[in-house]
Amino acid sequence: MAGGFHFTLAARPTVSVTMIDGRRAELVFAGDLGAEVLRDLEEQLSDPRLLTAREWVVDMSGVTRLDLACAYALLRAAVERPETAKLLVHGARRDVQRTLHQAGIDRLQAFPE
């Protein structure tokens, strides 16, 4: 997948983002995404390359914990742009889904599984 980039938030948590045709972004989150990685997460989610993607497919099957602040960061990144991105979340555990719902992410997308 051309145009991809990868970053590590901390020793274990990771997020990788791959852009496909500038219209779709695939994000893979893994590990414990807590407040200690919030600043790095916000920085990566504000990458200008994500602005052109209208749809973000988010794989959270590897997320062991999602802090509410990190969920809000994902929400802000999707809505504070010229056109709100549609989020499609796959593989989120029940507690991670609950955190995403608390942040209001269910307004922007559906949990297809």
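The values are calculated or read from the model by the stated rules, or taken from the named source; none is laboratory data. This is a predicted model, so every value here is computed, not measured. A quick note on method: Cβ atoms are made from the backbone with ideal geometry, for glycine too, and the neighbour counts reach across all protein chains shown. Remember, those area values only see protein heavy atoms, side chains included, never the ligands or the DNA or RNA. Shrake-Rupley method; radii C 1.70, N 1.55, O 1.52, S 1.80 Å.
A few points about this structure:
- Hey, THR99 among the polar types (S, T, N, Q), in contact (Cβ under 8 Å) with a residue 12 or more places away in the chain and in a helix (DSSP H, G or I) or not: yes
- Unmet criterion (only one of (1) of a type outside the set (A, V, I, L, M, F, W, C); (2) at pLDDT 90 or above; (3) under 12 Å from the mean Cα position of the chain (by Cα)) for GLY31: (3)
- ASP21 vs. criteria acidic (Asp, Glu), open to solvent by 60 Å² or more (accessible area, probe 1.4 Å) and closer than 19 Å to LYS86 by Cβ: yes
- Answer from VAL58, VAL63, VAL15 - the residue that is at pLDDT below 85, open to solvent by less than 20 Å² (accessible area, probe 1.4 Å), assigned to a strand (DSSP E or B) and not aromatic (Phe, Trp, Tyr): VAL15
- Qualifying positions in the range 24-55 - crowded, with 17+ Cβ neighbours inside 10 Å, of a type in the set (Gly, Ala, Ser) and either assigned to a helix (DSSP H, G or I) or in contact with a helix residue (DSSP H, G or I) (Cβ under 6 Å, 6 or more places away or on another chain) (or both): ALA25
- Qualifying residue in the range 69-87 (condition: open to solvent by 20 Å² or more (accessible area, probe 1.4 Å), assigned to a strand (DSSP E or B) and either at negative phi or not aliphatic (A, V, I, L, M) (or both)): yes
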